[in-house]
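Okay, structure first, notes after.
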Amino acid sequence: MADTVLYEVSDGLATITLNRPEAMNALDVATKVALREAVRSAADDGAVRAVLLTAAGERAFCVGQDLKEHIGLLAADREAGGGQTMSTVREHYNPVVRTLARMPKPVVAGVNGVAAGAGFGFALAADYRVVADTASFNTSFAGVALTADSGISWTLPKVVGPGRAADLLLFPRGIKAQEAYELGIANRVVPAAELRAEAESVARALAEGPTVAYAALKESLAYGFSHSLEETLEKEDELQSRAGASEDHAIAVQAFVEKRKPTYLGR
């Protein structure tokens, strides 16, 4: 894995850190490949019960595509007949977003600075966003004559509603932390100096929690967004049966009766 993405697992928590602070954690090809492999590793590792996605430095979480590299790739692509540069959406962005959104474990984004373009998309693909009070979000795509990618055309309307999503996509602008909280983009806003500790605390609490139930909640929320009430009731029945049969549920009930804190096993 490239040193532009750091990966660490400790006590059930996988921490993935974008590590190009000098480039505002922009996504060059090496970083995109490393990030894709890191999120896949976290998803596939049975010892990982929650994931924290964050970034190094103070200025940026991720400003999206590395446009300096992109210019060169576009020129080479045109000389070769075109059609290859934007394959990065299929090869890199889509697998990252799909894995973050679908893995059966909670994902926390610790947004330390600017999250723009694909960086915004990656943050929205997480289940919970802890945001520094100095951070901001920007769709950015239309500003460089591109359409949405990294799942934003699905996740952003889900969070802010279709009308507001259209406004933010057609007229890109910086969304400061407080407004992001009011829109539902940020779940929690904290002082910048406390961001890493707070995001890690949230992620560790989830890693220690009833992860079978969390996986079911994650699946239920995604399903309900695009299905009817009747279909969602059927899905809830299915998922509740699964959660009710878990060891974690039995542990939680016993702990409640005995008036003590449960220790979950994640199964």
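Every number here is computed from the coordinates shown, using simple stated rules; none is lab data. Please read these numbers as outputs of a predicted model, since none were measured by experiment. When we count neighbours, we look across all protein chains shown, and the Cβ atoms used for this are built from the backbone with ideal geometry, even at glycine.
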Helix-only mean residue ellipticity at 222 nm, the chain, DSSP H runs n ≥ 4 weighted -39,500 (n - 2.57), per residue, nearest 500. What is it? -14500 deg cm²/dmol
Give me D for region 148-261 in µm² s⁻¹, whole number, from Stokes-Einstein with Rh from the Kirkwood sum over alpha-carbon pairs, 20 °C and 1.002 mPa s. 124 µm²/s
Using a basic spin-label model with each label point 7 Å from the Cα along Cα→Cβ, how many nm lie between GLU194 and ARG59? 2.7 nm
C-alpha center-to-center spacing [region 26-64, region 163-204] in angstrom: 18 Å
Please report the orientation-averaged projected area of region 90-232, defined via the convex hull of its C-alpha atoms, in nm². 9.0 nm²
So, in nm, how far is label LYS68 from label ASP167 when the simple model puts each one 7 Å beyond its Cα toward the Cβ? 3.6 nm
The exposure ranking of SER226, SER41, fewest beta-carbon neighbours within 10 Å first, is SER226, SER41
For helix 211-225, what angle does its Cα long axis make with the longest principal axis of the chain, in degrees from 0 to 90 and rounded to 10? 60 degrees
Indicate the gyration tensor shape class of region 202-259 (rounded, prolate or oblate), computed on the Cα atoms with a ≥ b ≥ c the square roots of the eigenvalues: a/c under 1.5 is rounded; otherwise a/b larger than b/c is prolate and the rest oblate. oblate
Go through SER201, SER153, ALA38 and say which Cα lies farthest out towards the positive end of the charge dipole of the chain; charges sit on Cβ, +1 for Lys and Arg, -1 for Asp and Glu. SER201
With the chain treated as a Gaussian network of Cα nodes joined by springs under 10 Å, which of ASN187, ASN138, ASN19 yields the largest mean-square fluctuation? ASN187
Tabulate in residue order the Karplus-calculated ³J(HN,Hα) for region 200-208, using 6.51 cos²θ - 1.76 cosθ + 1.60 with θ = phi - 60°, rounded to whole Hz; enter x for Gly and Pro. 5, 4, 4, 5, 5, 4, 5, 4, 8
Length gain on complete extension for the stretch ARG267 to GLU234, per 0.36 nm per residue less the alpha carbon to alpha carbon distance? 9.6 nm
Show the residues, 5+ positions off or on another chain, whose built amide H is closer than 5 Å to the amide H of ALA55. LEU18, ASN112
extent check for the chain: Cα max minus min per principal axis, descending, whole Å, gives 68, 41, 37
Any residue on another chain or 5+ positions along whose placed amide H is under 5 Å from the amide H of ALA60 is listed here as VAL114
GLU247 to ALA145: extension gain in nm, 0.36 nm per residue of separation minus the Cα-Cα distance? 31.6 nm
Assign unit charges at the C-beta atoms only (+1 for Lys and Arg, -1 for Asp and Glu), then state the dipole size of region 5-207 relative to its Cα centre in Debye, rounded to the nearest 20. 400 debye
Within region 224-267, what residues put their amide N at less than 14 Å from the label point 7 Å along the Cα-to-Cβ vector of ALA47? none
Can you give me the long-range amide H partners of ARG188? Hydrogens built in the peptide plane at 1.01 Å from N, cutoff under 5 Å, separation of 5 or more residues or another chain. ARG129, VAL131
Point-to-point label distance, ASP133-GLU22, nm (Cα→Cβ direction, 7 Å offset): 3.2 nm
Alpha-carbon centroids, region 87-105 and region 122-160: separation in whole Å: 14 Å
Put +1 on the Cβ of every Lys and Arg and -1 on every Asp and Glu Cβ in the chain; which of PHE137, VAL212, ALA123 then has its Cα farthest towards the positive end of the dipole? PHE137
